[in-house]
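Report on the structure given below.
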Amino acid sequence: MQINRLLEIVYVLLEQKAVTAKQLSEMFEVSQRTIYRDIDILSLAGIPVYSEKGRGGGILLLPEFVLNKSILSEGEQNEILSALQAVSGVMPSEPAQVLKKLSGLFKKGVTDWLQVDFSDWSFADSDFFHDLKKAILERRIAEFDYYGSSGKKTRRRIEPVQLWFKSKAWYINGFCLSRKDMRLFKLTRVRNLRITNKLFSLRDPSVTRSKPASEPQKHGILLKLKFDPGMAHRVYDEFDDKMIKKRPDGSFIVQVTWPEDHWLYGFLLSFGEYVEVLEPERIKKIIKNKAEKIFKKYI
């Protein structure tokens, strides 16, 4: 595309200082006449490009030229570079190339002040993200095996819309063709992903809100929990400050409303003897029974 070629020409001129029309035509596989037309377009756009004849001449940019003064403010440049650094946490290769080019165009060194890595230690397959990105951008139907919270496996075909990062986990949001509704699929439960050649058209975004795949509607329950002082790090990691009340003895009282499911039971049990369920009574009994079953396995 011409716009990409124009950007590349400016980048080349910033990097190499001087280059001939012949070199540019060979580089972009177009005629020299096309290159001269591109130079005219750049000039009309306010880019100070000019040509010098003779040995060592060619097409050049004015030495004092900085692209950002013509197009982007200082703050806008920094925002763009920061955003690209963040995106590289998910798909390292593609943003890195753009980051290098734009930092050259802006005449800025890339300051490595930010490291973003959303991937789990056990789930870091960049091809997985690449395939899903391709399916979303090219509007291709994706199919895969999916394991629900009960462990039941189903084969799904979806029209993928977005990748979501929510509550410390990655999801693919899409229209499930078997359920005829929008669904969220947790990526750690996806197996045997295949991107098909079958295309789809975007649906009306007001069709419905996305819901977790194969999950019944769960109503939140108000929990009142007491944590030992030694669990301070996890309390502040897992709960909002507004939910936490620190007691004089260093322990914590937390009140939070969460859906009741097997994840909740496992989460509470993960604190071992350092948490006590104060309310509701029914959850206290469930955790007690589960703890007793665990105990019996080791006697």
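The values are calculated or read from the model by the stated rules, or taken from the named source; none is laboratory data. These numbers come from a predicted model, not from an experiment. Remember, those area values only see protein heavy atoms, side chains included, never the ligands or the DNA or RNA. Shrake-Rupley method; radii C 1.70, N 1.55, O 1.52, S 1.80 Å.
Here are a few things to note about the model shown:
- Backbone amide hydrogens, once placed in the peptide plane, bring Met182 within less than 5 Å of Cys176, excluding anything fewer than 5 places away on its chain.
- Additional length obtainable on full extension of the chain from Ile41 to Asp237, 0.36 nm per residue less Cα span: 65.2 nm
- In this structure Tyr236 has an accessible area near 110 Å², from a 1.4 Å probe over the protein heavy atoms.
- Mean separation of Cα contacts under 8 Å, 6 or more apart, over the residue count of region 131-203: relative contact order %: 35
- When only alpha carbons are used to place a centre, region 167-197 and region 3-52 end up 44 Å from one another.
- Long-range HN-HN contacts of Glu260 with modeled amide H, under 5 Å: His219, Ile221
- Accessible surface for Asp241 stands near 110 Å², nearest 10, in the context of the full protein assembly shown (1.4 Å probe).
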